[in-house]
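To start, the structure under review is shown below, and the notes come after it.
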Amino acid sequence: MGTSAARRKRLVVLVSGSGSNLQAIIDACADGRLHADVVAVVSNKPDVFALQRADAAGVPAVHVGVHPGEERADYDARLADVVAGFDPDLVVLAGWMRILTMSFLGWFPQRVVNLHPALPGDLPGTRAIERAWDEALEGSRASTGVMVHLVPDEGVDDGPVLGTATVVIDVEAGFDAFASLMHATEHRLLVEALDELCTSAPDHTTDLTEISV
Ligand code: GRF
């Protein structure tokens, strides 16, 4: 972590599920690995464990559900209003399972960060861990990985890469061990990539340093 006297960055984390990646961020903020604070957690789903994790950490936990019949652009504009209200330096998609349109992204240029459990250009979309495993069982894949990237537009799991980590698949060890390794890799890489963003020069968005672990 850098030692600059710069103010701590404000992170708003968007979640849809268990929030283990959110927890990794909260823990890193608390123990000094990240010069940042999670100032809000926003979920598109009610009653997810991630919201409980936010509560337990004393962080505002907000559910922004989709109204019946609501257009995607309208939901995204409403979501942007909520998120902007917390004045984030970075918006982190940590297990956020909903595509965002420019109605949201347009409000946070160069400031939305996504985590995806596959390497750039590989296995975009949902169930990337399971699909990599299935291909490994079929013998057509030996490894996969994790990436963290900026989200400039509506491309799914695509955008300027901030960090990658390769994960070798050991089919003998079983799926649970593979999934655990993938999640541990996500937690580590996400914190490292956020650290780079939080401690880099103010013009970091024009001089992104790609990390590889
Ligand atoms: C992670 O594997 C993330 O990459 C994927 O969904 C999972 C979310 O996990 N898109 P969690 O909610 O952070 O525990």
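Quick note: the coordinates plus some simple rules give every number you see, no bench work behind them. Note that this is a predicted model, so its numbers are computed, not measured. A quick note on method: Cβ atoms are made from the backbone with ideal geometry, for glycine too, and the neighbour counts reach across all protein chains shown.
Please arrange Met182, Met102 by counting, for each residue, the other beta carbons lying within 10 Å of its beta carbon, fewest first.
Ranking Met182, Met102 by Cβ neighbours within 10 Å, fewest first, gives Met102, Met182.
How many percent of DSSP beta bridges within the chain run antiparallel, rounded to 5?
Details: 11 of 30 bridges.
Taking every DSSP beta bridge within the chain, about 35 percent pair in antiparallel fashion.
As an exercise, use a Förster radius of 30 Å and the Cβ-Cβ distance of Val82 and Glu172 to find the FRET efficiency, rounded to the nearest 0.05. Before the final figure, lay out the partial values.
On the way: r = 46 Å, r/R0 = 1.54.
Efficiency, rounded to the nearest 0.05: 0.05.
Taking 0.36 nm per intervening residue step and subtracting the Cα-Cα distance, what contour gain separates Asp122 from Ala6 on full extension? Before the final figure, lay out the partial values.
Values: separation 116, 0.36 × 116 = 41.76 nm, distance 3.63 nm.
Full extension from Asp122 to Ala6 adds 38.1 nm.
Could you tell me which of rounded, prolate or oblate describes the stretch 1-150, using a ≥ b ≥ c as the square roots of the eigenvalues of the alpha-carbon gyration tensor, with rounded for a/c under 1.5 and, failing that, prolate when a/b is larger than b/c and oblate otherwise?
It comes out oblate by the Cα gyration axes.
Less than 12 Å Cβ to Cβ from Arg72, Lys/Arg counted +1 and Asp/Glu -1: what total charge do the surrounding residues give?
-3
Based on the mean of other beta carbon atoms within 10 Å per residue, what is the order of 86-94, 66-74, 117-125, most packed first?
Result, highest mean Cβ count within 10 Å first: 86-94, 117-125, 66-74.
For the chain, what does the helix formula give at 222 nm: sum of -39500 (n - 2.57) over DSSP H segments with n ≥ 4, over the residue count, nearest 500 deg cm²/dmol?
After summing the helix terms and dividing by residue count, I get -10500 deg cm²/dmol.
Hey, for a label at His67 modelled as a point 7 Å past Cα toward Cβ, could you say which residues of the stretch 10-54 have their backbone N under 19 Å away?
43-46
Taking a ≥ b ≥ c as the square roots of the eigenvalues of the Cα gyration tensor of the stretch 132-195, is the shape rounded (a/c under 1.5), prolate (a/b larger than b/c) or oblate? All intermediate terms of the calculation are to be shown ahead of the outcome.
On the way: a/c = 2.99, a/b = 1.67, b/c = 1.79.
Since a/c reaches 1.5 but b/c is at least a/b, the shape of the stretch 132-195 is classed as oblate.
Pop the C-beta distance of Asp134 and Glu154 into the FRET formula with R0 = 22 Å and round what comes out to the nearest 0.05.
Once the sixth-power term is evaluated, E becomes 0.20.
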